[in-house]
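Q: First, the structure itself, so that you have it in front of you.
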Amino acid sequence: MTLAARFPVSATLLRRLAFASIVANVAIVGTGGLVRLTASGLGCPTWPRCTDESYVNTPEMGVHGVIEFGNRLLTFAVGAIALAVVVAVLLHRPRRQGLLPLALGVLFGIPAQAVIGGITVLTDLNPWVVGLHFLASMVVIAVAYALWRRIGDPDGPVVPTVPGPLRALARLTVAVSASVLVVGTWVTGSGPHAGDHGAARNGLDPETISQAHADGVFLLLGLSVALIFAFRAVGAARAARAATVLVAVELGQGVIGFVQYFTDLPALLVGAHMVGSCLVLLATLGMLWSTRERRPAVVAEPSRPSPAEV
């Protein structure tokens, strides 16, 4: 008896594990924000050890060491969930095409992201590397979301549910959303929350780069609203609902962004804005997925003998 036969994994369990992976990766973005916002970025001053002599934090390092080391430990928990997803994909029967590469992408993306996090420590929280660390998390979340959606889809061909020009507009919206995330890291790198009181800033003018970020947000919001009306015009109700959710998330994120800017960037709102960035990404991907669907795979019927053969 094979291992998959002895330990069967249902599609429901597989999808729940994939969803847990999304949640865990969003959570580690939140705890990473806690590290930066409490100035604990160098709570463990080296990597991969926490000190030159110890892999764990010491009492002398105080609360900053606890926070930084706790975030490092959470990486193992996120990795364990990703590994469980890979194992579940391998044990699931029938074997689903396209799932294993995505599951492995999430699994190997987590240590890669951890290495970038280590480089941020070794470079004394260089703001450009810190931004890359955040964007790497966004990539892992995107792959985890793609895996979750793929598990819920049948294995047949992908069929567009909206006309080609609207799919192009949806892709443009995704690109603008990604650019807003990138510029957002530049805003963060120019602001006061460096992760440590002695960490350098990227040298960009905070007001100028914040305005560029806000301009990108307005463009993203305009495109998203346009998608709602366009999807409704062609009768794509599911896509219109997804675009509506995207606009709602963008508005919530925008309110947090503007309030934090005009209240001198309180740490709690900055942390909420970081988690909100993950939600904007997920809502954007949800909108994109709504513009297509997978049809069930067609099972070929056995050929019938011709009258001459009978």
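The values are calculated or read from the model by the stated rules, or taken from the named source; none is laboratory data. None of the values given here were measured: they were computed from a predicted structure. Note that each Cβ is placed from the backbone with ideal geometry, even for glycine, and that neighbours are counted across all protein chains shown. For accessibility, only protein heavy atoms count, side chains too; no ligands or nucleic acids. Shrake-Rupley method; radii C 1.70, N 1.55, O 1.52, S 1.80 Å.
Condition check ((1) surrounded by 14 or more Cβ atoms within 10 Å (Cβ to Cβ); (2) assigned by the TED database to the domain that holds GLY33; (3) out of contact with any His (no Cβ under 9 Å at 6 or more places or on another chain); (4) farther than 13 Å from SER210 by Cα) across all residues:
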| residue | (1), (2), (3), (4) |
| --- | --- |
| VAL162 | yes, no, yes, yes |
| PRO165 | no, no, yes, yes |
| LEU169 | yes, no, yes, yes |
| THR173 | yes, no, yes, yes |
| VAL176 | yes, no, yes, yes |
| VAL180 | yes, no, no, no |
| GLY184 | yes, no, no, no |
| SER190 | yes, no, yes, no |
| HIS193 | yes, no, yes, yes |
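Q: Among the residues of the stretch 185-211, write down those that are touching a helix residue (DSSP H, G or I) at 6+ places or on another chain (Cβ under 6 Å) and not in a loop (DSSP other than H, G, I, E, B).
A: Within the stretch 185-211, THR185, TRP186, VAL187, GLY189, SER190, PRO206, ILE209, SER210 qualify.
Q: Something else now. Within the set of pairs 6+ apart or on separate chains, which have a first residue in the stretch 256-279 that is over 21 Å from VAL140 (Cβ atoms), a second that is among the hydroxyl-bearing types (Ser, Thr, Tyr) and buried (at least 19 other Cβ atoms within 10 Å of the Cβ), and C-beta atoms under 7 Å apart?
A: TYR261/SER210
Q: Check TRP186, TRP148 and return the single one that is closer than 26 Å to GLY32 by Cβ, among the aromatic types (Phe, Trp, Tyr) and within 14 Å of the chain's Cα centre (by Cα).
A: Exactly one of TRP186, TRP148 is closer than 26 Å to GLY32 by Cβ, among the aromatic types (Phe, Trp, Tyr) and within 14 Å of the chain's Cα centre (by Cα), namely TRP148.
Q: Okay, moving on. Of the conditions (1) in contact with a Leu (Cβ under 7 Å, 6 or more places away or on another chain); (2) open to solvent by less than 50 Å² (accessible area, probe 1.4 Å), VAL259 fails just one. Which one is it?
A: (2)
Q: Here's something else I'd like to know. When you scan the stretch 104-114, do you find a residue that is modelled with pLDDT under 95, open to solvent by 30 Å² or more (accessible area, probe 1.4 Å), of a type in the set (S, T, N, Q) and in the same structural domain as GLY30 (by the TED database), even just one?
A: no
Q: Got a number for residues in the stretch 229-260 being among the charged types (D, E, K, R) and in contact with a helix residue (DSSP H, G or I) (Cβ under 7 Å, 6 or more places away or on another chain)?
A: Start the filter on the stretch 229-260 by keeping residues that are among the charged types (D, E, K, R), which leaves 232, 238, 241, 250.
From what's left, in contact with a helix residue (DSSP H, G or I) (Cβ under 7 Å, 6 or more places away or on another chain): 232, 250.
So the answer is 2.
Q: Looking at (1) part of a loop (DSSP other than H, G, I, E, B); (2) out of contact with any helix residue (DSSP H, G or I) (no Cβ under 6 Å at 6 or more places or on another chain); (3) of a type outside the set (Val, Ile, Thr), can you tell me which one ALA226 breaks?
A: In the conditions (1) part of a loop (DSSP other than H, G, I, E, B); (2) out of contact with any helix residue (DSSP H, G or I) (no Cβ under 6 Å at 6 or more places or on another chain); (3) of a type outside the set (Val, Ile, Thr), ALA226 misses (1) alone.
Q: Can you report the number of residues in the stretch 258-286 which are of a type in the set (Gly, Ala, Ser) and more than 19 Å from the chain's Cα centre (by Cα)? Don't jump to the end; show me each part of the working.
A: We begin by selecting, within the stretch 258-286, every residue of a type in the set (Gly, Ala, Ser); these are 267, 271-272, 276-277, 283, 286.
When the remaining residues are screened for being more than 19 Å from the chain's Cα centre (by Cα), the result is 267.
Number of matching residues: 1.
Q: For PRO192, state whether it is modelled with pLDDT under 90 and touching a strand residue (DSSP E or B) at 6+ places or on another chain (Cβ under 7 Å).
A: Working: modelled with pLDDT under 90: yes; touching a strand residue (DSSP E or B) at 6+ places or on another chain (Cβ under 7 Å): no.
The answer is no for PRO192.
Q: When the residues of the stretch 3-35 are filtered to those that are without any contact (Cβ under 8 Å) to a residue 12 or more places away in the chain and of a type outside the set (S, T, N, Q), which remaining residue is surrounded by the fewest Cβ atoms within 10 Å (Cβ to Cβ)?
A: Checked the stretch 3-35; the qualifying residue surrounded by the fewest Cβ atoms within 10 Å (Cβ to Cβ) is ARG6.
Q: When the residues of the stretch 36-61 are narrowed to those that are in a helix (DSSP H, G or I) and touching a residue at least 40 places away in the same chain (Cβ under 8 Å), which ends up nearest to TRP128 (Cα to Cα)?
A: ARG36
Q: Could you grab me the full set of residues in the stretch 116-158 that are open to solvent by less than 50 Å² (accessible area, probe 1.4 Å) and touching a strand residue (DSSP E or B) at 6+ places or on another chain (Cβ under 6 Å)?
A: ASP153, PRO154, GLY156
Q: Right, here's the next one. Residues of the stretch 41-89 being over 23 Å from the mean Cα position of the chain (by Cα) and either within 21 Å of ASN25 (Cβ to Cβ) or crowded, with 20+ Cβ neighbours inside 10 Å (or both), which ones?
A: Across the stretch 41-89, the qualifying residues are LEU42, GLY43, CYS44, TRP47, PRO48, CYS50, ASN57, MET61, GLY65.
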